[in-house]
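Below you'll find the structure, written out as structure tokens, and then a few comments.
The values are calculated or read from the model by the stated rules, or taken from the named source; none is laboratory data. Note that the structure is predicted; figures quoted are calculated from it, not measured. Here the Cβ positions follow ideal geometry from the backbone for every residue, glycine too, while neighbour counts run over all protein chains shown.
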Amino acid sequence: MTSRLILQLTVFIAVIGFNFISGAVPVGSPDLPPQSECATILRYYESNGPLQYTGPVNTFVFADPVHRCWSNVNVSNVGPDEHEQFDSIFQADFSIDGGPSTPGTLMGPVLTITYGKADNTTGTFQAEIVEMALSGEVGGLPVLIRESPSQASAGQVTITDIGGGFFEIDSFFDVFTELSVDGGQSWLPQDNSPTRLTYTITTLVPVSVPDLPPESECSQTLRLYQGADPLQFTNAQGTIVFTDPVLRCWSNVIRTNVGPDEEEDFDALFHAGVSIYGDLPQAVTLAGPVVTMTQNKVGYTTGTFQSEIVEMTLVGERFAGYTPIPVMIRESLVQTSSGEVTITELGSGLYGIASFFDVFTELSIDGGQTWIPQDNSPTKLVYTKVISVPVLNYWSFGALMMLLLVMACLKIRGKRFFRFFET
């Protein structure tokens, strides 16, 4: 291995590492709008909260909004400024008056201006969404969202050359929007304007195979689905709380094609700390079968797919003193636990998977005679990888990268201690 190759590999590791720490998004091109894939949900603009609109009769909410997938991009210089015109996709979970949510997709043109960007590749620039008109049908309702014609949706973009043919982009917009559900005859201003849209990259978990369910080891707690919040259930006696919930360790996996969809049947383990009616939490492990369905997955190895936990029945015990209490958790029989999975080929035989489920659950502590619906449903289960290195702060990471860079540049010919680095 040559010194040049060692240096290139070290620079690449440093780039990825520091981008991970800083939250910057690595891209292969400095062009605007920044890269946003259509085949996979990898790089996109993510909202810092739901969009809410209140009308005379109803309140409309768009939860977990994402703006992505540019097409028909046309970039032109107007004086010192750069105008970027493109079509885009907007995705969110739509609900009315706190009712059940429906996944929705809107599409339409966007016009942004990056001030002072003309003929400049890198730098920090003020920017603005000047026009945005998104339309679609959600739950049988015609939905239009536009950028406010009376308020400026300002933002900023920073483009940095980080070497090796890579760039990083930091970008955000504070967007004022309006909603119409009557074909554009009337418009509702967003209650919680502005919404900050931040350019981000999906946290991909590296795996060796693109199969579903994604890899989850049983011999170690490495790759798993982690609950974003505790599970809470309340009955007449009090409240039962499951803290730090984790779903992992698949076994007996069977995959079946059902038309264009793939059904995944497998057994799983569920871990959490369980507190019953305010007592001290105890570690509990439940086990049982899970059935998931991945839509339009048949015939595809990579891509972004809608998914659902169709069935889940987890059983175990939790002791009160010396008395075992049967604990059962099941996926709700009346609500849909939907999710999404993105599978991306990373090269060198590796894949990256991003996946989540919004899960509605019910609890029984009497052997299944009665069931308690979860108070704070749904719980978001996110596929993640546990970091096994206990401490790696900014300084130690920086020192490690500097050491590797110095070692890569060294070429000591007389002594053979660094013979590995010889050309």
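All but one of (1) under 27 Å from S47 (Cα atoms); (2) exposed (fewer than 13 other Cβ atoms within 10 Å of the Cβ) hold for P189; which doesn't?
The number of the failed condition is (2).
Under 26 Å from the mean Cα position of the chain (by Cα) and either surrounded by fewer than 19 Cβ atoms within 10 Å (Cβ to Cβ) or free of Cβ contacts under 8 Å to residues at least 12 places away in the same chain (or both) - does that describe any residue in segment 231-242? Show your work before the answer.
Filtering segment 231-242 down to residues under 26 Å from the mean Cα position of the chain (by Cα) leaves 231-232, 241-242.
Imposing the further condition that a residue be either surrounded by fewer than 19 Cβ atoms within 10 Å (Cβ to Cβ) or free of Cβ contacts under 8 Å to residues at least 12 places away in the same chain (or both) reduces the set to 232.
Yes: segment 231-242 contains one or more residues that are under 26 Å from the mean Cα position of the chain (by Cα) and either surrounded by fewer than 19 Cβ atoms within 10 Å (Cβ to Cβ) or free of Cβ contacts under 8 Å to residues at least 12 places away in the same chain (or both).
Whether any residue in segment 371-381 is in contact (Cβ under 8 Å) with a residue 60 or more places away in the chain, crowded, with 18+ Cβ neighbours inside 10 Å, among the hydroxyl-bearing types (S, T, Y) and assigned to a strand (DSSP E or B) is what I want to check.
Checked segment 371-381: at least one residue is in contact (Cβ under 8 Å) with a residue 60 or more places away in the chain, crowded, with 18+ Cβ neighbours inside 10 Å, among the hydroxyl-bearing types (S, T, Y) and assigned to a strand (DSSP E or B).
Checking L404 against (1) assigned to a helix (DSSP H, G or I); (2) of a type outside the set (V, I, T); (3) over 29 Å from the mean Cα position of the chain (by Cα); (4) modelled with pLDDT under 50, only one condition comes out false. Which one?
(4)
Going through segment 316-351 one residue at a time, which ones are under 18 Å from P210 (Cα atoms) and in contact with a Pro (Cβ under 6 Å, 6 or more places away or on another chain)?
I343, L350, Y351
What is the one condition in (1) modelled with pLDDT under 95; (2) buried (at least 20 other Cβ atoms within 10 Å of the Cβ) that I89 does not satisfy?
(1)
Within segment 124-150, track down each residue that is of a type outside the set (A, V, I, L, M, F, W, C), more than 17 Å from P65 (Cα to Cα) and touching a Gly at 6+ places or on another chain (Cβ under 8 Å).
Across segment 124-150, the qualifying residues are Q126, E128, P142.
So which of I162, I129 ends up being at pLDDT below 95, touching a Phe, Trp or Tyr at 6+ places or on another chain (Cβ under 9 Å) and under 28 Å from G28 (Cβ atoms)? Full working, then the answer.
Values: I129 fails: at pLDDT below 95.
The conditions single out I162.
Pick from S216, S275: which is within 26 Å of the chain's Cα centre (by Cα), of a type in the set (S, T, Y) and assigned by TED's automatic domain parsing to the domain that holds F360?
Numbers: S275 fails: within 26 Å of the chain's Cα centre (by Cα).
Of S216, S275, the one residue that is within 26 Å of the chain's Cα centre (by Cα), of a type in the set (S, T, Y) and assigned by TED's automatic domain parsing to the domain that holds F360 is S216.
Only residues that are small (G, A, S) and over 23 Å from F94 (Cα atoms): list them for segment 124-168, please.
Initial filter on segment 124-168 (small (G, A, S)): 127, 133, 135-136, 139-140, 148, 150, 152-155, 163-165.
Selection gives A127, S150, A152, A154, G155, G163, G164, G165.
Consider F233 against the criteria (1) outside any loop (DSSP other than H, G, I, E, B); (2) at pLDDT 95 or above; (3) assigned by TED's automatic domain parsing to the domain that holds V61: it satisfies all of them except one. Which criterion is unmet?
Just one mismatch for F233, condition (3).
When you go through (1) at positive phi; (2) at pLDDT 95 or above one by one for V253, which number turns out not to apply?
Result: V253 fails condition (1) only.
Considering segment 317-337 alone, what residues qualify as being modelled with pLDDT of 95 or more and among the small types (G, A, S)?
S332, S337
When residues of segment 46-58 are filtered for being over 9 Å from A92 (Cβ atoms), at pLDDT below 95 and in a strand (DSSP E or B), how many remain?
Total meeting the criteria: 1.
If the Cβ limit is 8 Å and pairs must be 6+ apart or interchain, which residue in segment 284-299 that is free of Cβ contacts under 8 Å to residues at least 12 places away in the same chain pairs with which residue that is surrounded by fewer than 17 Cβ atoms within 10 Å (Cβ to Cβ) and charged (D, E, K, R)?
Here the result reads none, with nothing in segment 284-299 linked to a residue that is surrounded by fewer than 17 Cβ atoms within 10 Å (Cβ to Cβ) and charged (D, E, K, R).
Report, by residue number, each residue of segment 102-121 that is among the hydroxyl-bearing types (S, T, Y) and either surrounded by 14 or more Cβ atoms within 10 Å (Cβ to Cβ) or closer than 21 Å to S71 by Cβ (or both).
Hits for segment 102-121 are T102, T105, T112, T114, Y115.
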